[in-house]
Amino acid sequence: MRRGRGVLYVNDLEMGLKIPELYMAFFRAKTSGWALRDLVLRGLKIKGEELLKMGIVDVVYDGEKGVINAGMKMADDLARRKWDGEVYAE
């Protein structure tokens, strides 16, 4: 996640929509009680540093280049494993 610009925000609340169960399962698995409350009841926009503390993101990078470089490195590492992409499509 990019430091200073990236946020996690459940905009479903602003639009009056029900949050999909798949999202709720993710939020329940990755957050504590107060973080879940802030995300899905209060509708807060939570920045990268706080998401890192919550354990929702693994790393926060400075700037766009940091995010792109990390993504490319991860893609290269995964490509070297020659995994079958069909497994991830299911």
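Where a number appears in this text, it was derived from the coordinates with a stated rule and is not lab data. Owing to the predicted nature of the structure, the values given are computational and were not obtained by experimental measurement. Cβ coordinates were reconstructed from backbone atoms using ideal geometry, including for glycine residues, and neighbour counts include every protein chain displayed.
Figures for the structure shown
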quantity	calculated
Length released on extending from SER32 to ASP62, taking residue separation times 0.36 nm less the Cα-Cα span	8.2 nm
Number of Lys pairs (Cα under 29 Å; 8 or more positions apart or on different chains) in the chain	20
Sequence ranges 49-57, 71-79, ranked by mean other-Cβ count within 10 angstrom, highest first	49-57, 71-79
About the Cα centre, charge dipole magnitude for the chain (Lys/Arg +1, Asp/Glu -1 at Cβ), debye	300
